[in-house]
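To start, the structure under review is shown below, and the notes come after it.
No value in this document is a laboratory result; all are computed from the given coordinates. Keep in mind that this is a model prediction, so the values were computed, not measured. Methodologically, a virtual Cβ is constructed for each residue, glycine included, from the backbone with ideal geometry; neighbour enumeration extends over all protein chains shown.
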Amino acid sequence: MPVDFTLLLPEFMLAGLGALALAGDFALPWRSRKARNGSLAALTLLGLAAVFAAALTGRRDEPEILYDHLIYVDDYALFFKALAIAAGAAVVLISLDYVHRRIHHPGEFYALVVFAVLGASLMAGAAELLTAYIAVELLAFCLYALVALGRGDKRSGEAAVKYILLGAISSAVMLFGIGVIYGAVGETSFRLADSLIGALSRPTALLGFAMFTAGLGFKLSMAPFHLWAPDVYEGAPTPVTALVAVLSKAAAFALTLRFLAEAGASSLDEWRTPLAIFAALTMTVGTLTALAQENIKRLLAYSSVAQVGFVLVGVIALNDSGASAALLHLAGYAFTNLAAFAVVIVVEAKTGKEDIEDYAGLASRSPFLAMTLASAVFSLAGLPIFAGFVTKFLLFTAAVEGGLTWLMVVAVVNSLVSLYYYLRIVRLMYVGEAAEKSRLPLPVAASVPVWLLLAGTVLVGVYPAPVMEAAEAAARVLAPF
């Protein structure tokens, strides 16, 4: 069949960029380690910028379907492709100092980040279950390796083992579910919506659908499949934790929303209520468990679990406003979470500490870092002028429009409860007494990404129109709308 390969130019460029980062690690001389790290980081950033430009300039007015309905090239895939590239570039920027100090071969780190972006991009464009599975595994294997890169930290090895074992189990469950779905309806394309009409009343099809959704639930860290998240977040190198928190969530939601909109729309009544219960459970478990955390990375892990529940509210509504609100929330969440982790990376590098109590008096030691972290947690809590306020408001509105008022009430209650542990961080930073009185300077290399992420967190909350327009254009692509 004739295929326009230029439609996949961004993916080809990402694959080439990852290979180039690995080759560059061997080519650059050992005696200039700092220069080599800077050169590889610059190469990766310039490459990601080129991929971003290629993705935008290659945009088509009409959706394209490649390889007999295996891959979509449309505004929906473009939205997540841009989000993945931006997240990858932000992680590269905020990890410069960490990579220089801790990673012996920086090319490995940058190549794995690029390949993870490639996997996320393919997940957003997948139009068929096996294609989606291969993309999921590409992203997962990159994240497994990145979590294990902290060779000098025992927690990193422990986190990697847990992540790999549980990830392997979830992948097996997902693949078995795909096989059961194929056996029940005779195809794996997302076009199987017509075949699923009435099929979920049969135990076989229902089992396959449940197993595939459970596999996605692990990738999303949706309760009760979330137990890996706190240990992996705590044990992984902090820049990798940021990548796991943002990129894997965005990619998994891209696949989940596309799958439910195309293949699950015809059987909405069968899966909507169970998934709504899982959403309520996810946000409640994440919120309540975060109350007891003393480690900042574990707190952000449970916070991300709760955020998954909030995004599921828009997914379950399965209407135009719900889909666009979910996409907007993911974009705002990316800015917010990356900003929070950027501050955690700087504080950890300077003090070697990760406990929440260690942030006491941060406002006196580094006012800008304290302001950035406060803005991030205010956004996660959904307070006005920050991204989280706008995105949660739109999600809750979509839930009411979709007849899920009870779920909206659960989400609002959880948002109010979450204020306790978010404001605890702010109170410690501005009221608590610092154990050390010395200043905590912000490295020049870290100042640029921190400023950009803080600006994004505020701009999405104050002027969400540009991102909202992109989210609405992406949502219009989905089948039910």
Check your understanding: To the nearest 10 degrees, how steeply does helix 320-351 sit against the main Cα axis of the chain, on a 0 to 90 scale?
Key -> 20
Study note, to complete from the structure: Sorted on mean Cβ neighbours within 10 Å (highest first), peptides 217-224, 116-123, 232-239 come out as 116-123, 232-239, 217-224
Review point. Hey, what angle do you get for helix 154-185 against the long axis of the chain, alpha-carbon based, 0 to 90 degrees rounded to 10?
Key: 10
Point to revise | Debye log10 I(q)/I(0) at q = 0.08, 0.11, 0.12 Å⁻¹ for the chain, Cα point scatterers | key: -0.44, -0.85, -1.02
Exercise for review: Multiply the residue separation of Arg439 and Leu288 by 0.36 nm, subtract the distance between their alpha-carbon atoms, and state the gained length in nm to one decimal.
Suggested key: 50.9 nm
Practice item. Would you mind counting up the charge near Asn295? Only other residues with Cβ under 12 Å from its Cβ, with Lys and Arg at +1 and Asp and Glu at -1. Key: -4
Practice item. Please give every one of the lysines within straight-line cross-link reach of Lys154, meaning a C-alpha to C-alpha distance under 28 Å, and leave out same-chain neighbours fewer than 8 residues apart. Key: Lys34, Lys162, Lys219, Lys249, Lys297, Lys350, Lys353
Practice item. Taking H placed 1.01 Å from N in the peptide plane, check which residues at least 5 places from Asn295 or on another chain put their amide H under 5 Å from its amide H. Key: Ile356
Check your understanding: Once Rh is set to the Kirkwood radius over Cα pairs, what Stokes-Einstein translational diffusion coefficient, in µm²/s, holds for the range 390-467 at a temperature of 20 °C and a viscosity of 1.002 mPa s?
Key -> 133
Practice item. Kindly rank 86-95, 345-354, 102-111, 283-292 from highest to lowest mean number of other beta carbons found within 10 Å of each residue. Key: 86-95, 102-111, 283-292, 345-354
Revision key, fill the gap. Taking Cα atoms, the helix 296-317 axis meets the longest principal axis of the chain at an angle in degrees (rounded to 10) of 30
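Let a ≥ b ≥ c be the square roots of the eigenvalues of the Cα gyration tensor of the range 1-139; is it rounded (a/c under 1.5), or, if not, prolate (a/b larger than b/c) or oblate?
prolate
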**Study point:** Rg/Rh for the range 267-481, where both radii come from Cα atoms and Rh is the Kirkwood radius
**Key:** 1.01
Exercise for review: Between Arg427 and Val409, with labels modelled 7 Å along Cα→Cβ, what's the label distance in nm to one decimal, could you check?
Suggested key: 2.9
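By how many nm would the segment from Leu166 to Asp61 grow when fully extended, if each residue of separation counts as 0.36 nm and the alpha-carbon distance is taken off? Could the numbers behind the result be given before it?
Details: separation 105, 0.36 × 105 = 37.80 nm, distance 4.08 nm.
Contour length minus Cα-Cα distance gives 33.7 nm.
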Exercise for review: With a cut-off of 13 Å, note down the residues of the range 35-61 whose backbone N falls inside the zone around a label point 7 Å from the Cα of Ala349 toward its beta carbon.
Suggested key: 38
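How big is D for the range 331-454, in µm² s⁻¹ as a whole number, if Stokes-Einstein is applied with the Kirkwood radius of its Cα pairs at 37 °C and 0.692 mPa s?
Working: Rh = 15.4 Å.
Answer from the Stokes-Einstein relation: 213 µm²/s.
Would you mind calculating the gained length between Leu459 and Asp153 on full extension (0.36 nm times residue separation, minus the Cα-Cα distance), in nm to one decimal? List each step's numbers first, then the result.
Values: separation 306, 0.36 × 306 = 110.16 nm, distance 3.71 nm.
Extending this stretch completely gives an extra 106.4 nm.
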